[in-house]
Amino acid sequence: MPRGDWHRTLEAKVRSGGRLALEEGLALYAEPDLAWLGGLANLRREQAFGNQTTYVVNLHLNYTNLCVGSCLFCAFARRPGEPGAYEMTLEEMVERIGTLRGVPGAEVHIVGGLHPKHPYRFYPDLLEALHRADPGVHLKAFTAVEIEHFAGLAGRSVEWVLEDLKAHGLGSMPGGGAEVLVERIHRKLHPTKIGPDRWLEIHACAHRLGIPTSATMLAGHIEMPAERLEHMDRLRQAQDRSGGFLAFIPLRFHPGNTRLAGLPLMSDEQVLRDLAIGRLMLDNIPHVKAYWVMSGLQAAVRAQWFGADDLDGTVVEERITHMAGCLSPAGLAEENLRRLILEAGRQPVRRDALYRPLEPLPVEDEASCASTS
Ligand code: V47
């Protein structure tokens, strides 16, 4: 079909809310007109969210980098005693969460390595201590990879672990650890960690228990466009069954200090392409989030015209990507995050951890826009 006709067919499909076929998604990876692709994704984005871009006031708490895993793409993990190894104490974590006190809709995003020594009880105790310190803060914690590790420690099922963590304050789960949901990538990059089927099973289990989650895709290493599409297809099918994914977040791989350090950093254009195709293929996942830490600030501004309706977040002190040579700031003050949205010509709207808009903000809160960096 001539390109003009193909463009018009896809535009009509998107306008009428039709579902894109996998071959159409694959062809979009080869589409030379990136601006047209952005416009197509923007159609879908604006149908649902108009001119608003939401963001969350949050704190990423990477509580330890001690890890028994050995993923090729990771610059964060350390063995005990290795230079750069660290772990936060419970008191330090409680102190950090104190910075969010009284901030409406605030979220703490807790992810760490697979610690070699902590017993299972450490994790519900951690959630309970944080919840007790500030019951108003939403606890978004532990990737499916960590949950599988905890189940091994407890000698219980994943379902038991998730129920127990929920009873101790778990509000939702982040989408990390998915990497690319393709067996070839699992075998090559993270064979000692759970693979695609198990990652999806754990998220399905969380959804059955009423724990919403998000889904990431780590792109820019050894994966092929067809594998990115396979990843999106598996997520789309899983979401048709459970409906529990709140957001899709494509992540830009940072090769520094990893065993893939020879690879180049993916271009901004590729970042935007993943966001746009994610928005178009994942018609059943409501939000597409640009994670400015990994995308970079400039791409995060442009992302808002390539399908992204949300920016994560104030963050405060991200470590996983910074240990891999990432040059973005570690966190952003809320006013600077809002500026990234205004710079894109969008309207900033603070949301809570479940993506519910909170604006208009109370006057005194707007005036003091949480200063986190
Ligand atoms: O799971 C690891 C990835 C993820 C590197 O759910 C790397 O809302 C780039 O999952 N370069 C953690 N990425 C971050 C994450 C996340 C971030 C923001 C929001 C949400 C959400 C989730 O980072 C890991 C892994 O896939 N990662 N190493 C690296 N060198």
Check whether at least one residue in the range 247-255 is more than 10 Å from the ligand (Cβ to nearest atom) and among the hydrophobic types (A, V, I, L, M, F, W, C), and report yes or no. no
Residues being in a helix (DSSP H, G or I) and either surrounded by 18 or more Cβ atoms within 10 Å (Cβ to Cβ) or touching a Leu at 6+ places or on another chain (Cβ under 9 Å) (or both): count how many of those fall in the range 59-109. 7
Yes or no: the range 178-187 includes at least one residue that is within 13 Å of Leu246 (Cα to Cα) and within 14 Å of the chain's Cα centre (by Cα). no
Residue pairs meeting the criteria (Cβ under 9 Å; at least 6 apart or on separate chains; first on the phi > 0 side of the Ramachandran plot and without any contact (Cβ under 8 Å) to a residue 24 or more places away in the chain, in the range 301-317; second of a type in the set (D, E, K, R) and not in a loop (DSSP other than H, G, I, E, B)): none
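Quick check on my filter: what residues within the range 317-335 are aliphatic (A, V, I, L, M), over 17 Å from Gln298 (Cβ atoms), assigned to a loop (DSSP other than H, G, I, E, B) and within 13 Å of the ligand (Cβ to nearest atom)?
So in the range 317-335, the residues aliphatic (A, V, I, L, M) come out as 320, 323-324, 327, 330, 332-333.
Next, only the ones that are over 17 Å from Gln298 (Cβ atoms) stay: 320, 323-324, 330, 333.
Retained after the next criterion (residues that are assigned to a loop (DSSP other than H, G, I, E, B)): 320, 330, 333.
Within the range 317-335, Ile320 is the sole residue that qualifies.
Do we find that Glu223 is closer than 30 Å to Ala27 by Cα and more than 15 Å from the ligand (Cβ to nearest atom) in this structure?
Details: closer than 30 Å to Ala27 by Cα: yes; more than 15 Å from the ligand (Cβ to nearest atom): no.
Answer is no for this residue.
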Has the range 314-322 got at least one residue that is over 18 Å from the mean Cα position of the chain (by Cα) and buried (at least 20 other Cβ atoms within 10 Å of the Cβ)? no
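Let me confirm something: among Gly25, Gly39, Gly18, which residue is outside any helix (DSSP H, G or I) and modelled with pLDDT of 95 or more? Break it down into steps so the answer makes sense when it comes.
On the way: Gly25 fails: outside any helix (DSSP H, G or I); Gly39 fails: outside any helix (DSSP H, G or I).
Residue meeting the stated conditions: Gly18.
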Subset of the range 250-270 [in a strand (DSSP E or B) and out of contact with any Gly (no Cβ under 6 Å at 6 or more places or on another chain)]: Leu251
Which pairs have Cβ atoms under 6 Å, sit 6 or more apart or on different chains, and link a residue in the range 222-251 that is of a type in the set (Ser, Thr, Tyr) to one that is in a helix (DSSP H, G or I) and modelled with pLDDT of 95 or more? Ser242/Ala204; Ser242/His207
Checking Gly25 against (1) more than 24 Å from the chain's Cα centre (by Cα); (2) buried (at least 18 other Cβ atoms within 10 Å of the Cβ); (3) closer than 27 Å to Ile222 by Cα, which test does it fail? (1)
For the range 137-168, which positions are within 22 Å of the chain's Cα centre (by Cα) and of a type outside the set (A, V, I, L, M)? His138, Lys140, Phe142, Thr143, Glu146, Glu148, His149, Phe150, Lys166
Filter the range 302-316 down to the residues that are within 13 Å of the ligand (Cβ to nearest atom) and not aliphatic (A, V, I, L, M) and list them by number. Asp310, Asp312, Gly313, Thr314
Leu189 being aliphatic (A, V, I, L, M), at pLDDT 95 or above and touching a Cys at 6+ places or on another chain (Cβ under 9 Å): yes
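Out of curiosity, is Arg187 within 16 Å of the ligand (Cβ to nearest atom), surrounded by fewer than 20 Cβ atoms within 10 Å (Cβ to Cβ) and assigned to a helix (DSSP H, G or I)?
No; evaluated as a whole, the condition is false for this residue.
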For the range 190-201: of the residues being touching a helix residue (DSSP H, G or I) at 6+ places or on another chain (Cβ under 9 Å), in contact (Cβ under 8 Å) with a residue 24 or more places away in the chain and not in a helix (DSSP H, G or I), which is surrounded by the most Cβ atoms within 10 Å (Cβ to Cβ)? Lys193
With (1) of a type in the set (Phe, Trp, Tyr); (2) in contact (Cβ under 8 Å) with a residue 40 or more places away in the chain; (3) more than 12 Å from the ligand (Cβ to nearest atom) as the list, and Phe73 as the residue in question, which single condition is left unmet? (3)
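The values are calculated or read from the model by the stated rules, or taken from the named source; none is laboratory data. Not measured: the values here are computed from a predicted model. We place every Cβ from the backbone using ideal geometry, glycine too, and count neighbours over all the protein chains shown.
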